[in-house]
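Written out below as structure tokens is the structure these notes cover.
Just so it is clear, none of the values below were taken in a lab; they were calculated from the coordinates. Nothing here was measured: the structure is a model prediction, and the numbers come from that model. Note that we place each Cβ from the backbone using ideal geometry, even for glycine, and neighbour counts take in every protein chain shown.
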Amino acid sequence: MQPKRRANKHDRRSTILAVGFVAAAGAIAWFATTGQSAPHQALSEPAVMTAAPPAEAAALAPNVPGAGTLPTRIVAPKAGIDFAVQEVGIVKDQGKWVWQTAWQAAGHHMDSARPGQPGNMVLTGHVSVADSRNLPVFKALDRLASGDIVEVYSGDRVFRYEVDHVEVVAPSNLKILRTDHRSTVTMITCTRDLKNRLVVTGTLVGQV
């Protein structure tokens, strides 16, 4: 699915909106939208999901005390992943609220947990791209298996997550966004046939 329109500067500024995850059936579907780094270029796969308007999303977002610093890098050697992390939010596209997707980095979804915090830290990335100048940062995410280590950097700190679950889910699946008291990471991309979502989750096991 291709983006329906090109983003402008106003769209990119929209990432400052407070956003959260919607936990009601039917609130999420998957649409293509533009990214922060190269909003003028086309996308070869569905991006991420539609979301609730900011006011509704903020009310549903988990209240995580003691906010940490933002993630800046993700490293998973087994999957060839070593990329920067950018913040992504939501923009309004033809009347629908849709998540942005980073083009040349992994995207950290606003109001998901930050590295080391209690809660679910959600990171997304492309499995393929239409333009070689963009980066399919999660093209080999399917190489990860239970027991593998994923490192998420936050400034000079490194948080280590151990993979405990790998699954393929339907685009409308909401359970992958749920959060609780545990410190977890959820990495999401498309399956190679672009029909479903590959989801890799891990639990915090330590930090450097």
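Observations on the structure shown:
- Counting other Cβ atoms within 10 Å as a rough exposure proxy, the listed residues Val168, Val129 run Val168, Val129 from fewest neighbours to most.
- Magnitude of the charge dipole, the stretch 68-153, Cβ model with Lys/Arg +1 and Asp/Glu -1, debye to 20: 80 debye
- In range of the label at Asp164: residues from the stretch 101-134 whose backbone nitrogen is under 19 Å from the point 7 Å along Cα→Cβ: 113-123
- Kirkwood-Stokes translational diffusion coefficient of the stretch 129-182, alpha-carbon pairs, 4 °C, 1.567 mPa s, µm²/s: 92 µm²/s
- If you take the Cα centroid of the stretch 81-151 and the Cα centroid of the stretch 160-181, the two points sit 13 Å apart.
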